[in-house]
1. Could you work out the relative contact order of the chain, using alpha carbon pairs under 8 angstrom and six or more residues apart, expressed as a whole percent?
2. If you line up the long axis of helix 67-76 against the longest principal axis of the chain, both from Cα atoms, how many degrees apart are they, to the nearest 10?
3. Measuring from label point to label point, each 7 Å out along Cα→Cβ, what is the Glu74 to Leu93 span in nm?
4. What ranking do Ser66, Ser49, Ser15 get, fewest neighbouring Cβ atoms within 10 angstrom at the top?
5. At what distance in nm do the modelled label points of Ala12 and Ser84 sit from each other, each positioned 7 Å from its Cα along Cα→Cβ?
6. Under 5 Å between amide hydrogens, which residues at least 5 positions from Ile9 or on another chain qualify, with H placed 1.01 Å from N in the peptide plane?
7. Grab every C-alpha pair in region 11-89, bin the distances at 5 angstrom width from 0 up to the longest one, and report whole percents.
8. On a C-alpha basis, how far is the centre of region 70-86 from the centre of region 40-65 in Å? Whole number, if you could?
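Just so you know, all these numbers are worked out from the coordinates, no wet-lab data involved. Everything quoted here is computed from the prediction, not taken from an experiment. Positions of Cβ are generated from backbone atoms using ideal geometry, with glycine treated the same way; all protein chains shown enter the neighbour counts.
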Amino acid sequence: MSETKEQYISLAEVSKHTKQDDMWVVINGKVYDVSKFVDEHPGGEEVISDVAGKDCTREFEDVGHSEDAVEILERLFVGDADPSVSFYRYGLL
Ligand code: HEM
């Protein structure tokens, strides 16, 4: 039987990616690299850079983003986030 180990991206790692040319966010437990998208975001660059290196599930869902937005996300997928990223953002850690 082969040994498989799930690899989650840690809070420490996600938190490093806060610069305009190296920016990650987490939505619904998944890490996205938004570096190449942040400039062209229809809702503006600032709302995303405000949550750079963090979970922004609540902000993303509150806007009621379209199916198009969800498709864009798929192209930016990096990997699965450790749950501590979300716990930290929402004050549960
Ligand atoms: C990081 C991933 C995100 C993607 C891929 C994304 C994508 C999009 C897209 C495609 C639109 C156009 C409308 C639509 O299709 O729904 C949009 C609009 C908008 N987004 Fe985002 N968004 C992201 C994150 C966020 C975040 C974190 C916020 C924070 C509040 C935000 C706030 C908004 C707002 C306010 C609009 C409306 C702009 C307007 O119509 O005037 N977005 N976004």
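1. On the way: 120 pairs, mean separation 35.5, N = 93.
38 percent.
2. For 67-76 against the chain, the angle is about 50 degrees.
3. Once both label points are built, they end up 2.9 nm from each other.
4. Numbers: Ser66 10, Ser49 17, Ser15 14.
Lowest to highest Cβ neighbour count: Ser66, Ser15, Ser49.
5. Output for this residue pair reads 0.8 nm.
6. Long-range HN contacts for Ile9: Asp80, Ala81, Asp82.
7. Whole-percent P(r) values from 0 Å outward: 3, 17, 30, 30, 16, 4, 0.
8. 13 Å
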